[in-house]
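> This is the structure I have questions about; it appears just below.
The values are calculated or read from the model by the stated rules, or taken from the named source; none is laboratory data. This is a predicted model, so every value here is computed, not measured. FYI the Cβ positions are ideal-geometry reconstructions off the backbone, even for glycines, and counts take in every protein chain you see. Surface accessibility is based on the protein's heavy atoms, side chains included, excluding ligands, DNA and RNA. Shrake-Rupley method; radii C 1.70, N 1.55, O 1.52, S 1.80 Å.
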Amino acid sequence: MSRFDPTTLEIYRALYTSVAEEMGVALRRTAFSPNIKERRDYSCAVFDAEGRVIAQGDHMPVHLGSMPMAVAAALESFELAPGDVVALNDPFAGGTHLPDVTLVTGVFQEEGRKRRRSFPRPLFFVANRAHHADIGGGTPGSMGMAGDVYGEGLRIPPVRLVREGRVDEEMMRLVLANVRGAKERRADFEAQIGSLKTGATRLLEILERRGAREALSYASHLIDYSARLMRRAIAAIPDGSYTAQDALDDDGAGERDVTISVRVEIKGERARVDFTGSAPQVTGAINAVEAITVSAVSYVFRCLVEGDVPASAGLMEPIEVFAPSGTVVNAEHPASVAGGNVETSQRIVDVLFRALSKALPERIPAASQGTMNNLTIGGMDERTGAEFAYYETVAGGMGARPAADGMSAVHTHMTNSLNTPAEALEYAYPLRVREYSIRRGSGGKGKRKGGDGVVREIETLVPARVSLLADRRERAPYGLAGGADGRMGRDFLIEPGGKKRRITSKGNWQADAGARIRIETPGGGGHRRDD
C-alpha cells in the first residue's frame, strides 16, 4: 500500500461523508411523501469505480449495509453512460424489500462536455435508496401479508430510469401504472434523481480542486483504513466460538417460533458469522434475503469499533458471513420478504449481540424492542378524491447498557428513522393522532433500566385498509446479566362505537371511518440484577 498523510486522509473522510450527507439533505428537502420528507426513510452513499462503498450518510443501517449488493447488480447489468440512472428494488438482485427503491448513477469527469458515442469509465458512483410509501401489491403501503414476492408489489430488476440525462417516460409510466399515489411516487423518484445530481456535482468539485489521482488514491486509503480498524476491533474480542438463538413470534401465516441461530467464531483479526440452524424460509412475509443478513452483521460489528470509523467497504473485509440458502436469513425466490428488511433484520441483531455478550459482557447492551412496528393505512382521501398510502415504523424502548439506562421512545439498531410528526401526518392524510405517549413501565428493570416503548393511536377519518407487520408480542426483549426482560408489545383495533379488540401483530383489516388503531410498542431489556 502506498504511503498517505493521516491529516489528508481525515480531510477526505470528511469530504466524502459530506457528499453522502448532502445527498440526503437534498433528497429530504425535495421529496413529496411524509415517509421520506418527515420520517427520513432513505439512505445515500458514495462508491468508487469498482463499486466499493467509500462513504455513507448517517442514515438507515438496514439500507446502507445492503446497498453495495444493489450497486453491484446495477453495474453487472449496464455499462453506464454519462447521465444514465439505473433503478432497482428486486430483493433477489441486490434489493431488500420492494418499497425500497435504489437509484444508481456514474460520475464522469467529462460530465457536462459534449457527449461522445464512446465515453470514459466513471470515476465514482453515487446511489440512494428510499422507501416509497407504496409500490403496488395487494394492500396499500405494500407491507401486507402475501404468500410470495409477486403479491407484495412491483418488482423492478435493474432498469434504466434515466437515459443520458432524460427520464425514460415509458419506463416511468410502467412503474406509476402499478402503484398507488402515482403523483407522489413520481415526485419522490424525481427527488432521488436530484439527490444523485447533487452527489455527482460535489464529487466533481473535489476532483477539480484536488485532482483525480489524489482523490481516487485516498478513496482506496479510506477503505484500507476501515479494514485495519475493524481488524483491530475483532482482535480485541477473545478468541473463541460464541453461540446464541432467538426467534420471531410467527410469520403471520401459521408458522410459529421462527428460529434464528448464530455462531460467531473469532480467531485473531478475523470473524466468521455462521447462521446454520436457522429456520427454513416460511410462507409469511418475514424472510430476509442475503443482503439484509450481511447488512445486520455489518451494523453489529461496526458498533464494536471505537471512535469515528469511515463507513466504507473495508469494514467487512475481515468478516465472513455464511447464511444457508433457503432459510429465513437467505431466502430464495419467490419468497415474500416485506418483513425481512424490517423485522428479521432486528432479530438478527438481537441474536448477534446475545452471542457477543458472552465475549464482551462489559460492552453489549440488553435487547432493544426488536421490531419496527410497521403500520400502513390506505384508501381514498375524500378531501382530494385521490388514493393515499400512509406508512411508518413506530419507536420503542432501547435496551439498557452496562453503564447506562436505555433510552425511551427511540428507533434502534437497523432503523434510524423518525415517527411522522402529528401535524404533518394530519395535514397529508385523512388521519388523526389520538394519542402519542411514552408507555411508562414497559422497560425491563435492573440496575440499568431498559427504555420504555410508546403508545401510538391513530384514527382514520375515512374507510381504510390497515396492515400491521410487527413482532416481540410473544417473546419479550431479553435482559442481560440478571436484568429483567422488557414488556412485549400489544395492538388493538378500536371500532367507531368504542369496542376495543386485540389484533394480531401481522395481518390486514378493513377499518370503518372513525376506527382507531392503537400500537403499544415493546420496552427494552434491563441490564444487571438490581440487588
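> Residue by residue through region 164-169, what is 3J(HN,Hα) from phi via Karplus (6.51 cos²θ - 1.76 cosθ + 1.60, θ = phi - 60°)? Round to whole Hz and write x for glycine and proline.
For region 164-169, the Karplus curve yields 6, x, 10, 4, 6, 5 Hz.
> Still on this structure, please answer the following. Just the Cα atoms of region 79-189, one point each, no solvent: what log10 I(q)/I(0) does Debye give at q = 0.09, 0.22 Å⁻¹?
For region 79-189, the Cα-only Debye profile gives -0.27, -1.17.
> Something else about it: Under the rule of at least 5 residues apart or a separate chain, name every residue whose amide H is placed under 5 Å from the amide H of Met372.
Those qualifying (amide H under 5 Å, at least 5 residues apart or on another chain) are Asp471.
> Sticking with this structure for a sec: Calculate the spin-label point distance for Ala177 paired with Arg232, positioning each point 7 Å from the Cα along the beta-carbon direction, and give it in nanometres.
Once both label points are built, they end up 5.6 nm from each other.
> Please list, in order along region 518-528, the HN-Hα scalar couplings obtained from phi with the Karplus expression 6.51 cos²θ - 1.76 cosθ + 1.60 (θ = phi - 60°), rounded to whole Hz, x for Gly and Pro.
Those phi angles translate into 10, 10, 10, 8, x, x, x, x, x, 10, 6 Hz.
> With no solvent and one equal point scatterer placed on each C-alpha of region 344-383, evaluate the Debye formula and give log10 I(q)/I(0) for q = 0.16, 0.27, 0.34 Å⁻¹, two decimals.
So the normalised log intensities work out to -0.52, -0.90, -1.12.
> If you don't mind, another one. For Lys447, go through the lysines and keep the ones whose alpha-carbon is under 22 Å away, minus same-chain ones fewer than eight residues off.
Correct list for Lys447: Lys358.
> Taking a spot 7 Å from the Cα of Ala386 along the direction of its beta carbon, which residues of region 407-424 have an amide N less than 17 Å from it?
Output list for this probe position: 424.
> If you don't mind, there's one more thing I want to ask. If the chain between Glu214 and Phe322 were fully stretched, how many nm would it gain, using 0.36 nm times the residue separation less the Cα-Cα distance?
Stretched fully, the Glu214-Phe322 segment lengthens by 35.3 nm.
> What whole number of Å gives the distance from the Cα centroid of region 253-310 to the Cα centroid of region 1-40?
Measuring centre to centre over Cα atoms gives 26 Å.
> So which GluC sites (Glu not before Pro) in region 19-51 end up in coil per DSSP with only 16 or fewer other C-beta atoms within 10 Å?
Sparse-neighbourhood loop GluC sites (Glu not before Pro): Glu50.
> From the C-alpha coordinates alone, can you work out the Kirkwood hydrodynamic radius of region 386-531, in Å?
After inverting the mean inverse Cα-Cα distance, the result is 15.8 Å.
> Show me the three semi-axes of the equivalent ellipsoid for region 340-411, from the C-alpha gyration tensor (sqrt of 5 times each eigenvalue), largest first, rounded to whole Å.
36, 14, 5
> May I ask you to give the solvent-accessible area per residue for the chain, in square angstrom, as obtained with a 1.4 angstrom probe? If you can, show how the numbers build up before the last one.
On the way: 20240 Å² over 531 residues.
Per residue, the chain has 38 Å² of solvent-accessible surface.
> Now for a different question. Tell me, what HN-Hα J-couplings in whole Hz come from the Karplus equation 6.51 cos²θ - 1.76 cosθ + 1.60 at θ = phi - 60° for each residue of region 474-480, using x for Gly and Pro?
10, 10, 6, x, 6, x, 10
> Then there is this: If you take the beta carbon distance between Ser437 and Ala403 as r and set R0 to 35 Å, what does 1/(1 + (r/R0)^6) give as a FRET efficiency, to the nearest 0.05?
My answer for the efficiency is 0.80.
> Next question, about the same structure. With +1 on each Lys and Arg Cβ and -1 on each Asp and Glu Cβ, and nothing else charged, work out how big the dipole of the chain is about its Cα centre, in Debye to the nearest 20. Don't jump to the answer; show the numbers that get you there.
Numbers: 68 positive and 69 negative charges, 156 e Å.
The calculated dipole for the chain is roughly 740 debye.
> Ok, one more. Just to confirm my numbers, what's the Cα centroid distance between region 472-531 and region 364-405 in Å?
Cα centroid of region 472-531 versus Cα centroid of region 364-405: 12 Å apart.
> Where the accessible area of the chain is counted over protein heavy atoms with a 1.4 Å probe, how much of it, in %, is carbon and sulfur?
Values: 9530 of 20240 Å².
The value for the chain is 47 percent carbon and sulfur by accessible area.
> Right, something else. Setting aside same-chain residues fewer than 8 positions from Lys197, which lysines have a Cα under 20 Å from its Cα?
Output for Lys197: Lys37, Lys114.
> Considering amide H positions built from the backbone, and no H for Pro or chain starts, which residues 5 or more places from Val262, or on another chain, come under 5 Å of its amide H?
When sequence neighbours closer than 5 places are left aside, the close amide H contacts are Ala244.
> Another question, if that's okay. Using a 7 Å offset from the Cα along the Cα-to-Cβ direction at both Glu205 and Tyr427, what is the distance between the two label points in nm, to one decimal?
Each label point lies 7 Å from its Cα, and together they span 2.8 nm.
> For Lys499, which aspartates and glutamates qualify as cross-link partners when the Cα separation must be under 18 Å and same-chain residues fewer than eight apart are set aside?
Result set, ordered by chain and number: Glu435, Glu457, Glu459, Asp491, Asp512, Glu520.
> Step by step: find N for the chain, compute 2.2 N^0.38 Å, then divide the Cα radius of gyration by it. What's the final number?
Here the answer is 0.94, to two decimals.
> Moving on to the next point. Can you give me the distance in nm between label points at Tyr150 and Leu418, each placed 7 Å from the Cα along the Cα-to-Cβ direction?
4.1
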